[in-house]
1. Which far-off residues, 5 or more places away or on another chain, put their amide H under 5 Å from the one on residue 38, with H placed in the peptide plane?
2. Quick check on the exposure proxy: order 70, 82 from fewest to most C-beta atoms within 10 angstrom.
3. Please rank 57, 63, 71, fewest neighbouring Cβ atoms within 10 Å first, as an exposure proxy.
4. Please report 64, 7 as a ranked list, fewest other C-beta atoms within 10 angstrom at the top and most at the bottom.
5. Taking percent of Cα pairs over 19 Å apart straight from the coordinates, which label in (i) 31; (ii) 26; (iii) 49 is the correct one?
6. Apply the Karplus parameterisation 6.51 cos²θ - 1.76 cosθ + 1.60, with θ equal to phi minus 60°, to every residue of the range 63-80 and state each ³J(HN,Hα) to the nearest whole Hz, in sequence, with x for glycine and proline.
7. Assigning unit charges at the beta carbon (Lys, Arg +1; Asp, Glu -1) and nothing else, what dipole magnitude in debye, to the nearest 20, does the chain show about its Cα centre?
Amino acid sequence: MNALVIILLVASFWLIRKFLWNVEEGTTSQRERNPELNTKNFDLHERRLEQFSKSKYKNRMFYIGTDGSCYYYSATGRKVFC
């Protein structure tokens, strides 16, 4: 019985994170102009990277370096190159 309760809790946390964590912020036109608003649209993400050199995609802020490389910061603060 305890195992079933734990499985249900883990499944519910996973569902909440899966469907509510990556919510897009603002309207489409606001997301076009503000790279700090979250988006799920990869094409919009790439356009914002080209225009602003940064973009928040699926709750992770990506940056373009001076050498043209794409990176983000991990939870521990390390640069992860794409």
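Since every read-out is calculated from the coordinates, none of them should be taken as a lab result. On a predicted model such as this, the values are computed, not experimentally measured, just so you know. Positions of Cβ are backbone-derived with ideal geometry, glycine not excepted, and every protein chain shown enters the neighbour counts.
1. Under 5 Å from the amide H of residue 38 lie the amide H atoms of 25, each far enough along the sequence or on another chain.
2. On the way: 70 15, 82 9.
Arranged by neighbour count, lowest to highest, 70, 82 become 82, 70.
3. Details: 57 20, 63 17, 71 14.
Ranking 57, 63, 71 by Cβ neighbours within 10 Å, fewest first, gives 71, 63, 57.
4. Numbers: 64 16, 7 10.
So the ranking, lowest neighbour count to highest, is 7, 64.
5. (iii)
6. Computed from phi, the couplings for the range 63-80 are 10, 10, x, 5, 8, x, 7, 9, 8, 9, 9, 6, 5, 8, x, 8, 6, 10 Hz.
7. Approximately 200 debye in magnitude.
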